[in-house]
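Notes to accompany the following structure.
The values are calculated or read from the model by the stated rules, or taken from the named source; none is laboratory data. Remember, predicted model here, so these are calculated numbers, not experimental data. Cβ coordinates were reconstructed from backbone atoms using ideal geometry, including for glycine residues, and neighbour counts include every protein chain displayed. Just the protein is used for accessible areas: all its heavy atoms, side chains included, with ligands, DNA and RNA removed. Shrake-Rupley method; radii C 1.70, N 1.55, O 1.52, S 1.80 Å.
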Amino acid sequence: MLNRFGQKGMARLRNYTENPSDSLLPLGLLNFFIYGTMVIFAAFFQLYLLDVGMDKLEIGSLMAIAPLVSLIAHPFWRYLSDRTQNIRIILLIMLTGLLIAGHMVFKVDTYNMLYFTMILLYFFQSPLLSQSNSLILGYIEGTDLKFNTYRLWGSLGWTLLALGSGAVIDQVGHNGISLLFSVTLMLAIGSSLLLPSIRKTTNTPWIRTHEITRVLQNKYFIAFIVFGVLVSIPNAINTIFMPIFMNDLGSTRLEVGGAVFLSTLFEAGTFTLLHRYLKRRITYLMACITIVSILFALRWQLMSVASTPLQIIFIQVLHAVTFGGFFYVGTRLTALLLPRPLRSSGQAVYAFALSGLAFILAGFLGGWLFQSFGAVIMYRFGVTFTMFGATGFAAMWYRIYKAGYSPIPLSEEP
């Protein structure tokens, strides 16, 4: 009997390894818990820091170091993945390291040690989503499975755990964040252990320095990046400080989770509609990003006059249209502003400038504004920054509309 059971188990294991597409529920769960871990940190960690005595500027400066650490972390983990050709093991090491670093962050009792452990935490955390995306692509390659299916698992983890975690932290207290962070990470580790072995690299080419140099020589693209950063800084400020603003207005952690929940609930629908109906003409897209930037300014104006947590929760619904639209249209424009061989490098510059550089500036600037002048002034500065960016995009649209635009092929560059 035992022997028969063992033979059946071995047969299932062989089938699982040879045909991973037949049993990839753990891959969906892995994405669910990775995104859930991310949202617990993104939505509630600032409030934990506030509870342990840090002021807004200290919190902003601490959060701002993440993009700087990612400059080292991304190529390091990418190199290990390509060298070992085993993304699953590398991801497992990253998750385990993040669990240990997270435990240290919640145990230290000095600011110096907090900064050190946060650098360690960001070293494991910052490349986690890109590595998990590469893992998904490796497992579904050659199958009928779709990447968006597993990306949806991540979206569900983000939205559902944002809401559920708020309720738990309200009951347990601020120490509940460390408990939830550890539990979701352990579930992610358990899900990764259930996956079959796979030998894959990241399959994405390394960005070359000379390509970055050529990208930065495109004046239209540089102008596009500058205006994009002006719009992105207030959005990053809101990401960092919105939970603290809600806390100052007397919100519960459940209400903070509800705001994050509503901000991402309609994102997938926004991307679907844009993909289906948005025209690919550069003038049309420049007009769209100008309009979306103006909507961003309206959103920050509404935040500056909000006086209750419930008002902020409803304002967060605009996130799907503003951030979703800005991200999608900006990515499309990056491809149209550059010749085809430089598009990958252009996307890397675009991502770092709008997610990395803008986040660094937002941490320090937003923290100083919030600490010195309060949330109202902070969000009104956001309105001003965003309108400068929108005006720049409008000027680009007018110039391209009048004179036309076509990226110079590499063969014609001096």
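Values as computed for the structure displayed
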quantity	calculated
Of the criteria (1) touching a helix residue (DSSP H, G or I) at 6+ places or on another chain (Cβ under 6 Å); (2) more than 18 Å from ALA42 (Cβ to Cβ); (3) part of a helix (DSSP H, G or I), which one ASP82 fails	(1)
Output for the range 78-134, where each listed residue is among the aliphatic types (A, V, I, L, M), open to solvent by less than 10 Å² (accessible area, probe 1.4 Å) and at pLDDT 90 or above	ILE90, LEU91, MET94, LEU95, LEU98, ALA101, VAL105, MET118, LEU121, LEU128
Residue check, SER155 of a type in the set (Gly, Ala, Ser), within 22 Å of the chain's Cα centre (by Cα) and either part of a helix (DSSP H, G or I) or more than 28 Å from ASN247 (Cβ to Cβ) (or both)	yes
Enumeration of residues in the range 300-336 that are free of Cβ contacts under 8 Å to residues at least 24 places away in the same chain and either under 22 Å from the mean Cα position of the chain (by Cα) or under 17 Å from VAL231 (Cβ atoms) (or both)	LEU302, ILE315, LEU318, PHE327, THR331, ALA335
Single match in SER191, SER165 (criterion: in contact with a Lys or Arg (Cβ under 8 Å, 6 or more places away or on another chain), modelled with pLDDT of 90 or more and either crowded, with 20+ Cβ neighbours inside 10 Å or of a type in the set (Val, Ile, Thr) (or both))	SER165
Residue match in the range 195-218 (condition: modelled with pLDDT of 90 or more and either in contact with a strand residue (DSSP E or B) (Cβ under 8 Å, 6 or more places away or on another chain) or open to solvent by 20 Å² or more (accessible area, probe 1.4 Å) (or both))	no
Unique match (being modelled with pLDDT under 95, buried (at least 23 other Cβ atoms within 10 Å of the Cβ), in a helix (DSSP H, G or I) and aliphatic (A, V, I, L, M)) among ALA66, ALA43, ALA73	ALA43
Matching residues, the range 335-364, being of a type in the set (A, V, I, L, M), surrounded by 21 or more Cβ atoms within 10 Å (Cβ to Cβ) and over 15 Å from TYR220 (Cβ atoms)	LEU354, ALA358, ALA362
